[in-house]
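> Please find one structure pasted underneath; my questions will follow.
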Amino acid sequence: MAATLLFSILLVVAVILLLVLLALYLVPVTVSTVADCRRESARATATVAWGIVGARVRVTDGVQVLEILLAGRPVMTRDLREIAAAEPEEKKVKKEEKPKPALSVREYLDAAGDLWPHLQKILAAFIRSLCLETLRGDVTLGLESPADTGVVYGYCTAVRYALWPVEAVDFVMTPVFNQRIFEGTFTLKMRIRRPLLILIPVVRALLQKQVRQRLRRVSGRGAPGA
């Protein structure tokens, strides 16, 4: 009886793990950002979603919140200003602890060199999985110097026509030479396909002892030479 129960539990756990892995392979992660800047106000919204689960940050003149989403609806909301206000209190408590010696630039460079082969594989997997769906901007710009405005407009126009064949990218800039102004909208939407293929090199790297030691050392949680 006990063996049958244990087998049933292990079978259920295995099925759940397989379903999670399948979801990580089939269900993409979507990232979207919408920003609008005007003379009177500015607002921005950034959303990251995987399946029915997601998180959204909304920032306006009077609101700065982090929302946890379920099926597109917020189920938990946190005020970012309250979170930022709580950080000084935590820092006061940490001041009583003995500060750890700061790492030198050379140690950071050595750590970056050791971790680079693993980071390269992770970045390659990320780039292969990345799919840009929309990148659009409509900006009205006027700098203090009309000549500077013309230079920026020339560069933006050159970049726009260079990216003209890419249907997902559309950027328009309207120059204003008689006043200082910055207004416009920005929209970005991209999809990360096959998130599992990104997690595989991450897990492979973390399974190596020397990588974990390097990360602990850089984060300040490892002793020198550990």
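> P(r) of the range 11-75 in 10 Å steps, Cα pairs, percent per bin?
19, 35, 26, 12, 6, 1, 0
> To continue, here is another question. Net charge near Ile122, counting Lys/Arg +1 and Asp/Glu -1 over other residues with Cβ under 14 Å of its Cβ? It would help to have the intermediate numbers written out before the result.
Details: positive: Lys121, Arg128, Arg194, Arg204; negative: none.
Residues close to Ile122 contribute a combined charge of +4.
> I want to verify a result. In a Gaussian network model of the chain, Cα cutoff 10 Å, which of these has the top mean-square fluctuation: Ser104, Ser129, Ser41?
Taking springs between Cα atoms under 10 Å, the residue moving most is Ser104.
> Okay, helix-only estimate at 222 nm for the chain: each DSSP H run of n ≥ 4 adds -39500 (n - 2.57), divide by all residues, round to 500 deg cm²/dmol; what do you get?
Mean residue ellipticity, 222 nm, calculated: -16000 deg cm²/dmol.
> Rounded, prolate or oblate: which fits the range 100-199, taking a ≥ b ≥ c as square roots of the Cα gyration tensor eigenvalues, rounded meaning a/c under 1.5, else prolate when a/b beats b/c? If you can, show how the numbers build up before the last one.
Working: a/c = 3.12, a/b = 1.59, b/c = 1.96.
Oblate, since a/c reaches 1.5 and b/c is not below a/b.
> Accessible area of the chain with a 1.4 Å probe: how many percent of it is carbon plus sulfur? Let's see the in-between values first.
On the way: 10670 of 16460 Å².
Carbon-and-sulfur percentage of accessible area, whole number: 65.
> Same structure again: Suppose all protein chains stay in the model; what accessible area per residue would a 1.4 Å probe give for the chain, in Å²?
Value returned for the chain: 73 Å² of accessible area per residue.
> Further, regarding this structure: Most mobile of Val63, Val176, Val151 per a Gaussian network model of the chain (Cα springs, under 10 Å)?
Judging by the Gaussian network model, the answer is Val151.
> Separate question: Which whole-number percentage describes the relative contact order of the chain, with Cα contacts under 8 Å and a sequence gap of 6 or more? Walk me through the numbers before you get to the answer.
On the way: 319 pairs, mean separation 54.7, N = 226.
Value for the chain: 24 percent.
> Right, something else. Going by alpha carbons, how many degrees (0 to 90, nearest 10) lie between the helix axis of 80-95 and the longest principal axis of the chain?
Helix 80-95 sits roughly 60 degrees off the main axis of the chain.
> Further question on the same structure: Sort 114-123, 191-200 by packing, meaning the average of other beta carbons within 10 Å per residue, with the highest value first.
The peptides rank, most packed first, as 191-200, 114-123.
> Relative to the longest principal Cα axis of the chain, at what angle does helix 209-219 sit, 0 to 90 degrees, rounded to 10?
That works out to roughly 50 degrees.
> From the C-alpha gyration tensor of the chain, pull out the three semi-axes of the equivalent ellipsoid (sqrt of 5λ each), sorted largest to smallest, in whole Å. Walk me through the numbers before you get to the answer.
On the way: eigenvalues 327, 149, 106 Å².
Here the semi-axes work out to 40, 27, 23 Å.
> Helix 195-206: angle to the longest alpha-carbon principal axis of the chain, degrees 0 to 90, nearest 10?
60
> When you count, for each residue, the other Cβ atoms within 10 Å and take the mean per peptide, how do 160-166, 21-27, 144-150 rank with the highest first?
21-27, 144-150, 160-166
The values are calculated or read from the model by the stated rules, or taken from the named source; none is laboratory data. The structure presented is a predicted model; accordingly, all values stated were derived computationally and were not measured. Neighbour counts are summed over all protein chains in view; Cβ atoms, including those assigned to glycine, are modelled from backbone coordinates with ideal geometry. We work out accessible area using only protein heavy atoms, side chains counted, and drop any ligands, DNA or RNA first. Shrake-Rupley method; radii C 1.70, N 1.55, O 1.52, S 1.80 Å.
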